[in-house]
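Have a look at the structure below before the remarks.
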Amino acid sequence: MMEASKPVGRAAKGSFLGLRGNAKVCISLLPLWGIPYVFYFFYLSLYLRECGVSDRGLGTLMLASSAASVLFAFVAASLVDRLGRKRSTFVFDLMSSALPPLIFALSGSFAFAFLAFILSSANKVMSVGYYLLMSEDASDAERVTAFNLFNVIIVAAGIFVPVTSGLVARFGLLATERFFLFFSAVSMAVLAVLRNHLVGETTVGKAIMERRRQEKPKARELVEPYLVALRYLSAHPLALAASLANVLFYVYYIVGTNNGLYFTPYFGDALGIDAAGAALLGSVYAGATLFSMLALNPALRRLGVIGCAILGSVVDAAGLALLAFAPRGNFAWALAAVAISALGYGILKSAIDAAIVVTSEGEARTGIYSTANIISSLLGIGAGFLLGLLYAGNPRSLYALSFVIVLAIPLCFAVSRMLTPRAGRRAGRSQGGPLPH
């Protein structure tokens, strides 16, 4: 920590007050993105249905978005290295965050929605630039704090979504959603411009940009970051384990968390719980996740990033097992299972988001992030397709599959421990960093 930060005191080290530079700017402005996005996305599928998009059309939009995400993830590393962390975040945030809600608001037709979803997929480039911009010049402690606060803000925004139901009841779905969409477009554009003005390019970003500036663009540039990443990962088992764990987590993220399409239907299909009960369980999930991030993560800081990823996986898996075997009609069982899973998820997500940047270094990070994005997108498509085949015949396959994926995360770290010499283990523990205080 810098000398100027010492008077802030120990309590500030893992809080917002302990952040500096780009990390502080990125977290300060995040609500301008997180709150509008959560509000408009919650009603988006219903809005598109009202505008005439069929269920098959929604499926086509999801498939097109997934395919575009793979392509954007592939070019993300070279774009972020050539444009820089700051400029790539600015350009692709406008493209993937501010433009799509404006397009949705202008028309909810399939053609407009298709264009908006394709542009939204460009967040695969923006996210690589943003994570590096936020964390690359920060200390390990600041990185973990920033990622934890990032997740806290997004989850907290979701808790207030039910409040918007009053606006829908009064003004109707179409009018309310269009208001959210226009508001989101303006808010996210203001955020992108303001953040771009306040942040500076990272040290590593400057070095890479300077080298790229002296070279002519070439086809090899597209794959060079991945070659650098693969060489780095082959020599650093802990970084490889963190990358594989990140891939597994984000497959689970789109399959078995409250961000998955089957989360709400599961309670009715498998457990016989009505819509009101399912909504309550969804609120419990968000609340328990937020509690975990605000209260448990600071208390568990001494375990380090890797220790928390392992603990979060085990706790989350216990909740998933309870959900898979929950008796039909037993609301109390389902409530306990959801709460346990969400507590583990809250620990796991903050740790896994920070794991790559904490266990890697230098120019390899861009390629590592992009590689993880590509593989998780491809596996996510496959997992979604598999689940689509299994779910209709056996809804409980949702959490059986999720259980297997989550328990594979600590296995990655166990294997890396066996492959790492003792001296490397000590270095790995120091790389794991403390959790927020």
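Points to keep in mind about this one:
- Within the stretch 255-277, the set of residues being buried (at least 18 other Cβ atoms within 10 Å of the Cβ), farther than 20 Å from residue 310 by Cα and not aromatic (Phe, Trp, Tyr) comprises 258, 260, 270, 271, 273.
- Options 395, 410, 436; residue that is in the same structural domain as residue 320 (by TED's automatic domain parsing), modelled with pLDDT of 85 or more, assigned to a loop (DSSP other than H, G, I, E, B) and buried (at least 17 other Cβ atoms within 10 Å of the Cβ): 395
- The stretch 287-326 - residue that is modelled with pLDDT of 90 or more and not in a helix (DSSP H, G or I) and, of those, surrounded by the fewest Cβ atoms within 10 Å (Cβ to Cβ): 325
- Summed over the stretch 270-284, the residues that are in contact (Cβ under 8 Å) with a residue 60 or more places away in the chain and not aliphatic (A, V, I, L, M) give a count of 1.
Every residue, every condition in (1) at pLDDT below 95; (2) under 30 Å from residue 364 (Cα atoms), yes or no:
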position	(1), (2)
165	yes, no
183	no, no
188	no, yes
198	no, yes
205	yes, yes
209	yes, yes
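- Number of positions in the stretch 259-273 that are within 27 Å of residue 353 (Cβ to Cβ) and at pLDDT below 80: 6
- Scanning the stretch 131-147 for residues that are hydroxyl-bearing (Ser, Thr, Tyr), over 24 Å from residue 222 (Cα atoms) and in a helix (DSSP H, G or I) turns up at least one hit.
- Enumeration of residues in the stretch 327-342 that are in a helix (DSSP H, G or I), touching a residue at least 12 places away in the same chain (Cβ under 8 Å) and surrounded by fewer than 23 Cβ atoms within 10 Å (Cβ to Cβ): 331, 335, 336, 339, 340
- Selection status of residue 124, in a helix (DSSP H, G or I), touching a Leu at 6+ places or on another chain (Cβ under 8 Å) and basic (Lys, Arg): no
- Given (1) crowded, with 20+ Cβ neighbours inside 10 Å; (2) closer than 22 Å to residue 285 by Cβ, index of the condition residue 370 fails: (2)
- In the set (1) of a type in the set (A, V, I, L, M); (2) modelled with pLDDT of 90 or more; (3) closer than 27 Å to residue 357 by Cβ, the condition left unmet by residue 149 is number (2).
So that you can scan it fast, the table gives a plain yes or no per residue for (1) within 30 Å of residue 51 (Cα to Cα); (2) crowded, with 21+ Cβ neighbours inside 10 Å; (3) in the same structural domain as residue 38 (by TED's automatic domain parsing); (4) not polar (S, T, N, Q):
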| position | (1), (2), (3), (4) |
| --- | --- |
| 99 | yes, no, yes, yes |
| 106 | yes, no, yes, yes |
| 116 | yes, yes, yes, yes |
| 144 | no, yes, yes, yes |
| 149 | no, yes, yes, yes |
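- Output for the stretch 183-203, where each listed residue is closer than 13 Å to residue 22 by Cα and among the β-branched types (Val, Ile, Thr): 199, 202, 203
The values are calculated or read from the model by the stated rules, or taken from the named source; none is laboratory data. Here the structure is a predicted model, which is why all the values come from computation and not from measurement. Heads up, the Cβs are rebuilt from the backbone with ideal geometry, glycines too, and the neighbour counts pull from every protein chain shown.
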